[in-house]
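Throughout, read-outs are computed from the coordinates displayed, never taken from laboratory work. Keep in mind it's a predicted model, so treat the numbers as computed, not measured. Ideal geometry is used to build each Cβ from the backbone, glycine not excepted, and the neighbour counts take in all protein chains shown.
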Amino acid sequence: MAGCRRDGARQKKMETFNPDDIATVNNAAAMAEELVSNHYKMSASQWIKRRYDIRTLSDLDPGEIIDGPFAQIIRYEGHRRNRSLGSSAYDFYKICLQDHTILAALMENRRLQLFPFILYIVTHELIHIVRFTKFLQQFDAAPEDRLVEEKRVHAATHQVLAPVKTAGLAEVLEFYGEWRIPYDGLRQKQNIS
């Protein structure tokens, strides 16, 4: 299934998930939420406090669509209804899955399957959100700090998913393997903290 998006004056045709893919994404997202919740020992009510949503390409605004990464997190400021005080504001995170990029990666690497690939991507993004909300990482970090954080989150994602017995997950973990190789700057920062 293909979707069209208007990007300024030009129109881009991007491949979007079909209804079967959306069902797979929903199942993978539910599993990712459970795995991350269990890993961080968070109750269902704590998840509600995390305030996030997961959207696919057909539900994204043009400014939320990117080329390259498989997903991005955008932070919005939310406000509780009928409250005008600034203290009622909260962070709302939107995980923007980039269908076109994900589907292209699956076509390029036939060893990858949609369910385990989405499981990894959503687990990874949820770990970022947990880290932002627990103040373990700033959302607006400097570029060099973002790279270190990506390595940390890939390592945590691997730790959460490695024990899971799901067809095709081993190939996805292998696909992301280079992100778990420490580099000198990361090793030094880990030893300091």
Expected sort for 21-33, 116-128 on mean C-beta neighbours within 10 Å, highest first, is 116-128, 21-33
Pulled fully out, how much extra length does the chain show between residue 174 and residue 38, if you take 0.36 nm times their separation in residues and subtract their Cα-Cα distance?
46.6 nm
